[in-house]
Amino acid sequence: MNNTEAAYAATLEQLKHAGEVLWYRFEGLKLRLADNTFYSPDFAVMRADGVMECHEVKGFWRDDARAKIKIAADQYPFRFLAVKKRAKKEGGGWDVERFE
């Protein structure tokens, strides 16, 4: 787990203690997209309402990663989110992009 992923894990832990997240696991899923093509989201997350989400933590995007998350969102019944750490001078926290 890199520093950004560790910081996001701390955020998920706070959400878990607040009752918004029931469970999460780092690199807990491996989704088949095609023959010999897989996507492993950084975090598998179960929200308090039972919705399963796949969270991708990014500092920057490579084209293949963006394509994989879009394909996965089309093929699987999970909610897919990409999160990027917001600079402290911009208030901190996380910017969230949804893929549906």
#### Entry: Qualifying chymotrypsin sites (Phe, Trp or Tyr not before Pro) for the range 49-97 [loop in DSSP, other Cβ within 10 Å: at most 16]
Phe60, Trp61
### Summary
Taking the square root of 5λ for each eigenvalue of the C-alpha gyration tensor of the range 3-99, the equivalent ellipsoid has semi-axes, largest first and in whole angstrom, of 22, 17, 11
### Task
Based on other C-beta atoms within 10 Å, arrange Thr37, Thr4 from fewest to most.
Thr37, Thr4
### Summary
Given unit charges at Cβ for Lys, Arg (+) and Asp, Glu (-), the dipole magnitude of the range 3-99 about its Cα centre in debye, nearest 20, is 200
### Task
Compute the acute angle (0 to 90°) between the alpha-carbon long axis of helix 63-75 and the principal axis of greatest extent of the alpha-carbon atoms of the chain; round to the nearest 10°.
80
### Message
Straight-line reach only, C-alpha to C-alpha below 25 angstrom: list the lysines that Lys70 could link to, leaving out same-chain residues fewer than 8 apart.
### Response
Lys30, Lys58, Lys84, Lys85
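Laboratory data are not the source of any read-out in this text; all were calculated from the coordinates shown. Keep in mind it's a predicted model, so treat the numbers as computed, not measured. Counting neighbours? That spans all protein chains shown, and the Cβs are built from the backbone with ideal geometry, glycine included.
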